[in-house]
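Student: The structure under discussion is supplied below as structure tokens; questions concerning it will follow.
The values are calculated or read from the model by the stated rules, or taken from the named source; none is laboratory data. Just so we're clear, the structure is a prediction, and the values are computed from it rather than from any experiment. A quick note on method: Cβ atoms are made from the backbone with ideal geometry, for glycine too, and the neighbour counts reach across all protein chains shown.
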Amino acid sequence: MKIPDRVVILGDKESAVMAANKLANRTNKKEIEMIVIGKRVNVEFSDSNIFVPFSLVDHHLLKRSMNSMLHTNIEYIEDEIVSLNIKDKSLNTRGGKVVRYDYLLITNPVEGDHTTITGFSEDARTLDTIQDSLRLKEDLQNIKSGEIVVYQDGTHSRSPLVGANLCVLLENHFKRNGTDKNMKITYLNSSKTIIENKNFHEKIDQVLQENGIKTVYGFKLDQLNVKNKELQTSDGTAVKYDIPVIFAPSRMKNYLVGAGFPKSDSSPIEINFKNLNVKNFPEVYISSIEPKYISNYWNIVHVELDYITAKIAHLISGYPDPEDYKGATYIDYLITDEERATNIVIDNNGEYSEGKQSKTDYLLKLYSYNSFFGSYSQGFL
């Protein structure tokens, strides 16, 4: 009798859930042993927590326990990875477990690095978790006048539009409350453009200008001067704030740094992009590694994981071979006002196009309960 292949999936976000369930659906349970390892007992659908501060979505719908989301034949280990040795096909957890694998899938290999910003922990607000969103909601309930500054680092692990979308929601929130004339919103970005595609950047900037939001590009945040209530660059350029919302830079997770991965000039982990596995280590797959070490744009991640799980299922259970990875179209949404958003598409050739505007209540359903906790838990895209 064939010994089941052990597949270990690292991550505690929605992508890990989707990958695990999809792989379970594509393999014979007698041929595979699946383990998911993550730090959190609950999984949060983070793409929708941007709506929480404005009461546009019920935050209770955006969180479920990991075990309730995973198929019954998948083991979930709530623990933190402290080291990974890809040559020995093993990893160690903080709780003292040694876990060996035949196949390894790493989801969400990056995380926010707040330590690079002096003074961050004292004043900054984030949208990293639902709890962070609720904290910002409380701030917005208490402020009647002042300046809100939204800073997005170009390497932040969420959509490059998240900061701009937040600004538009903030402006419409203040208009609805009749306090917009007393509030000032500034959008800062460390890059010279929000996204590389020039037409796309100009569209986003146009929406921000139409909503009365000041924009500053190429602003590389160095510190929060809490005493003066300023965001400052290393050369002393400063922007005043009453509430600072920071989408911090991302870095590779610590356990990946010393794991022995081959490197390239452009990436800390050299990937075979035909199969999305690590060069010289075909049993190790990584999702969300490009561009700039990240590709947490929802359509790209979904297509990547769809491909990777099909590839592993082919090797284990004879599932149809997806052959070479063909890439994915970038799809995102740009909020233009509180009730409408525009779908944005950039195809594999870099061509940019806009879809039709749609009501944000549709987007809320798309990005929250119906899309994630409904279909994802069954293992579909």
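Student: Please verify whether segment 285-295 includes one or more residues that are modelled with pLDDT of 95 or more and either under 21 Å from the mean Cα position of the chain (by Cα) or under 26 Å from residue 159 (Cβ atoms) (or both).
Tutor: Taking segment 285-295 as the starting set, the residues that turn out to be modelled with pLDDT of 95 or more are 285.
From what's left, either under 21 Å from the mean Cα position of the chain (by Cα) or under 26 Å from residue 159 (Cβ atoms) (or both): 285.
Checked against the condition, which is being modelled with pLDDT of 95 or more and either under 21 Å from the mean Cα position of the chain (by Cα) or under 26 Å from residue 159 (Cβ atoms) (or both), segment 285-295 yields at least one hit.
Student: Kindly provide the set of residues from segment 130-176 that are within 21 Å of residue 55 (Cβ to Cβ) and of a type in the set (Val, Ile, Thr), ordered by number.
Tutor: Within segment 130-176, 130, 143, 148, 150, 162, 168 qualify.
Student: So which residues in segment 100-135 are under 30 Å from residue 4 (Cβ atoms) and surrounded by 20 or more Cβ atoms within 10 Å (Cβ to Cβ), if there are any at all?
Tutor: The first filter runs over segment 100-135 and keeps only residues under 30 Å from residue 4 (Cβ atoms), leaving 100-109.
If the condition is that a residue be under 30 Å from residue 4 (Cβ atoms) and surrounded by 20 or more Cβ atoms within 10 Å (Cβ to Cβ), then 101, 103, 104, 105, 106, 107, 108, 109 are the ones that fit.
Student: Another question about this same structure. Can you name every residue in segment 27-40 that is over 11 Å from residue 73 (Cβ atoms) and either surrounded by 21 or more Cβ atoms within 10 Å (Cβ to Cβ) or small (Gly, Ala, Ser) (or both)?
Tutor: 36, 37, 38
Student: From the set of residues in segment 327-340 that are part of a strand (DSSP E or B) and surrounded by fewer than 19 Cβ atoms within 10 Å (Cβ to Cβ), which is nearest to the chain's Cα centre (by Cα)?
Tutor: We begin by selecting, within segment 327-340, every residue part of a strand (DSSP E or B); these are 330-337, 340.
If we keep only those that are surrounded by fewer than 19 Cβ atoms within 10 Å (Cβ to Cβ) as well, we get 331, 337, 340.
On the way: 331: 14, 337: 23, 340: 22 Å.
Top of the filtered list is 331.
Student: Okay, moving on. Mind listing whichever residues of segment 144-161 are in contact with a helix residue (DSSP H, G or I) (Cβ under 9 Å, 6 or more places away or on another chain), surrounded by fewer than 20 Cβ atoms within 10 Å (Cβ to Cβ) and touching a residue at least 60 places away in the same chain (Cβ under 8 Å)?
Tutor: Of everything in segment 144-161, just one residue is in contact with a helix residue (DSSP H, G or I) (Cβ under 9 Å, 6 or more places away or on another chain), surrounded by fewer than 20 Cβ atoms within 10 Å (Cβ to Cβ) and touching a residue at least 60 places away in the same chain (Cβ under 8 Å), namely 146.
Student: Return the residues of segment 41-55 that are out of contact with any strand residue (DSSP E or B) (no Cβ under 8 Å at 6 or more places or on another chain) and buried (at least 17 other Cβ atoms within 10 Å of the Cβ); say none if nothing qualifies.
Tutor: The initial filter retains those residues of segment 41-55 that are out of contact with any strand residue (DSSP E or B) (no Cβ under 8 Å at 6 or more places or on another chain), namely 46-55.
Within segment 41-55, 46, 47, 48, 49, 50, 51, 52, 53, 54 qualify.
Student: Looking at (1) hydroxyl-bearing (Ser, Thr, Tyr); (2) touching a Ser or Thr at 6+ places or on another chain (Cβ under 7 Å); (3) modelled with pLDDT under 90, which is the one condition that is false for residue 107?
Tutor: With respect to (1) hydroxyl-bearing (Ser, Thr, Tyr); (2) touching a Ser or Thr at 6+ places or on another chain (Cβ under 7 Å); (3) modelled with pLDDT under 90, residue 107 is out only on (3).
Student: Here is a list of conditions, (1) crowded, with 18+ Cβ neighbours inside 10 Å; (2) in a loop (DSSP other than H, G, I, E, B); (3) assigned by TED's automatic domain parsing to the domain that holds residue 152, and residue 288 meets all of them except one; can you say which number that is?
Tutor: (3)
Student: Further, regarding this structure: For residues in segment 238-248 being crowded, with 16+ Cβ neighbours inside 10 Å and outside any strand (DSSP E or B), which is modelled with the lowest pLDDT?
Tutor: 248
Student: Okay, moving on. Taking only pairs six or more apart or across chains, which ones have beta-carbon atoms under 9 Å, a first residue in segment 241-255 that is under 12 Å from residue 143 (Cβ atoms), and a second residue that is small (Gly, Ala, Ser) and at pLDDT 90 or above?
Tutor: Once the first residue is under 12 Å from residue 143 (Cβ atoms) and sits in segment 241-255, its partners that are small (Gly, Ala, Ser) and at pLDDT 90 or above give 241/146; 242/145; 242/146; 243/146.
Student: Next up: Testing residue 182 on (1) within 26 Å of the chain's Cα centre (by Cα); (2) surrounded by fewer than 16 Cβ atoms within 10 Å (Cβ to Cβ); (3) not β-branched (Val, Ile, Thr), one condition comes back false. Which one is that?
Tutor: Among (1) within 26 Å of the chain's Cα centre (by Cα); (2) surrounded by fewer than 16 Cβ atoms within 10 Å (Cβ to Cβ); (3) not β-branched (Val, Ile, Thr), the lone unmet condition for residue 182 is (1).
Student: Would you mind finding the one in 348, 343 that is surrounded by fewer than 17 Cβ atoms within 10 Å (Cβ to Cβ), out of contact with any His (no Cβ under 9 Å at 6 or more places or on another chain) and in a loop (DSSP other than H, G, I, E, B)? Talk me through it step by step, then tell me what you get.
Tutor: Numbers: 343 fails: in a loop (DSSP other than H, G, I, E, B).
Answer to the check: 348.
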